[in-house]
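Heads up: the structure comes next, in structure tokens.
The values are calculated or read from the model by the stated rules, or taken from the named source; none is laboratory data. This one's a predicted model, so the numbers in the text were calculated from it and none came from an experiment. Ideal geometry is used to build each Cβ from the backbone, glycine not excepted, and the neighbour counts take in all protein chains shown.
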């Protein structure tokens with residue numbers, strides 16, 4: 001992609017095949033998109049305005065040499081996003097949720113929609129992706145064990161959403177701008193506009209635990225910033241249960257054929273630790289918000 005990035009945007013990076021690079025303290029990365037030019041222009045304007053809330057950060061969508069925000073590549077339509085290198089913290093996440101709640105002011109969001117998305121994703125993994133995975137190394141048995149474990153977690157997470165609808169209703173009460181995934185503390189992950197989505201703060205809160213963005217005591221204190229309803233606390237617990245990390249990994253492998261052997265081993269070795277974290281959060285949420293407990297976690 002080196003020649004493509006230079007031809008289209010004027011930046012020259014070292015990796016001939018890379019889609020991301022650093023330059024003068026900023027991280028640049030190509031993002032696939034199905035958005036319109038007008039949509040991406042609005043995203044660019046949003047990033048400009050976000051500096052009001054995060055003055056030490058910076059983010060932009062780079063125009064091409066011919067002043068386009070979306071360009072065609074061999075892999076599809078892409079935009080070049082640039083974010084100033086750095087790390088965000090938990091307070092930045094809270095600021096983000098409070099600052100951009102207006103993005104969801106007219107949205108109607110249902111728990112049943114989340115349930116449907118998870119059911120569709122689970123079925124896609126089990127019916128379309130798993131039959132096509134071929135592993136000839138010693139990670140195959142680990143992969144199968146991980147999948148069996150994840151299937152049980154997914155089933156329980158979906159059932160818990162159904163119980164939440166029964167006990168507390170179908171409406172998601174607190175909606176704001178969140179992130180598709182918060183897998184690390186890099187500012188690129190935090191301010192990449194293609195990683196943003198309207199949802200409950202529970203989406204980001206679950207990732208804080210899943211991806212070890214802080215210790216449990218810090219998470220407990222941080223959660224006090226949010227006036228979670230029983231419904232929101234229940235959604236948070238369901239999101240912790242649903243195995244997004246493994247399913248994302250399998251989808252990535254299916255789409256771009258990346259070797260995920262080392263990640264499968266890491267997931268396998270850390271599975272018990274992950275369940276211990278879920279158990280801790282479960283006990284805390286049940287005790288603090290009096291939500292329905294999950295008996296097998298006890």
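Scoring residue 40 on the criteria (1) surrounded by 15 or more Cβ atoms within 10 Å (Cβ to Cβ); (2) farther than 13 Å from residue 191 by Cα; (3) in contact (Cβ under 8 Å) with a residue 40 or more places away in the chain leaves a single failure, condition (3). Of the residues making up segment 147-187, just one is in a loop (DSSP other than H, G, I, E, B) and free of Cβ contacts under 8 Å to residues at least 24 places away in the same chain, namely 180. Within segment 210-218, the presence of a residue that is under 20 Å from residue 290 (Cβ atoms) and either without any contact (Cβ under 8 Å) to a residue 12 or more places away in the chain or within 19 Å of the chain's Cα centre (by Cα) (or both) is excluded. Selection over segment 43-70 of residues that are under 17 Å from residue 103 (Cβ atoms), exposed (fewer than 12 other Cβ atoms within 10 Å of the Cβ) and in contact with a strand residue (DSSP E or B) (Cβ under 9 Å, 6 or more places away or on another chain) gives a count of 0. When 49, 67 are screened for being within 17 Å of residue 194 (Cα to Cα) and either without any contact (Cβ under 8 Å) to a residue 12 or more places away in the chain or in the same structural domain as residue 223 (by TED's automatic domain parsing) (or both), only 49 passes. Could you say which residue among 107, 82 is at pLDDT below 90 and either touching a strand residue (DSSP E or B) at 6+ places or on another chain (Cβ under 7 Å) or over 30 Å from residue 212 (Cβ atoms) (or both)? Result of the check over 107, 82: 107.
Taking segment 129-151 only, how many residues are exposed (fewer than 13 other Cβ atoms within 10 Å of the Cβ) and either modelled with pLDDT of 90 or more or under 30 Å from residue 290 (Cα atoms) (or both)? I'd like the intermediate steps shown before the answer.
In the first step, residues of segment 129-151 are kept if they are exposed (fewer than 13 other Cβ atoms within 10 Å of the Cβ); the result is 131-132, 134, 136-138, 141, 148.
Now narrow it down to the ones that are either modelled with pLDDT of 90 or more or under 30 Å from residue 290 (Cα atoms) (or both): 148.
Looking only at that region, the number is 1.
Within this structure, residue 31 passes the test of being under 26 Å from residue 208 (Cα atoms) and surrounded by 16 or more Cβ atoms within 10 Å (Cβ to Cβ).
Any residue that is more than 13 Å from residue 242 (Cα to Cα) and assigned by TED's automatic domain parsing to the domain that holds residue 251 - is there at least one of those in segment 151-158? There is no residue in segment 151-158 that is more than 13 Å from residue 242 (Cα to Cα) and assigned by TED's automatic domain parsing to the domain that holds residue 251.
Would you check if there is a residue in segment 271-285 being outside the structural domain of residue 74 (by TED's automatic domain parsing) and within 30 Å of residue 58 (Cβ to Cβ)?
Narrowing segment 271-285 to residues outside the structural domain of residue 74 (by TED's automatic domain parsing): 271-285.
From the residues that got through so far, the ones that are within 30 Å of residue 58 (Cβ to Cβ) too are none.
Looking for residues that are outside the structural domain of residue 74 (by TED's automatic domain parsing) and within 30 Å of residue 58 (Cβ to Cβ), one finds none in segment 271-285, hence no.
Given 75, 54, which one is touching a residue at least 40 places away in the same chain (Cβ under 8 Å) and over 19 Å from residue 21 (Cα atoms)? Reasoning before the result, please.
Working: 75 fails: over 19 Å from residue 21 (Cα atoms).
Testing whether each residue is touching a residue at least 40 places away in the same chain (Cβ under 8 Å) and over 19 Å from residue 21 (Cα atoms) leaves just 54.
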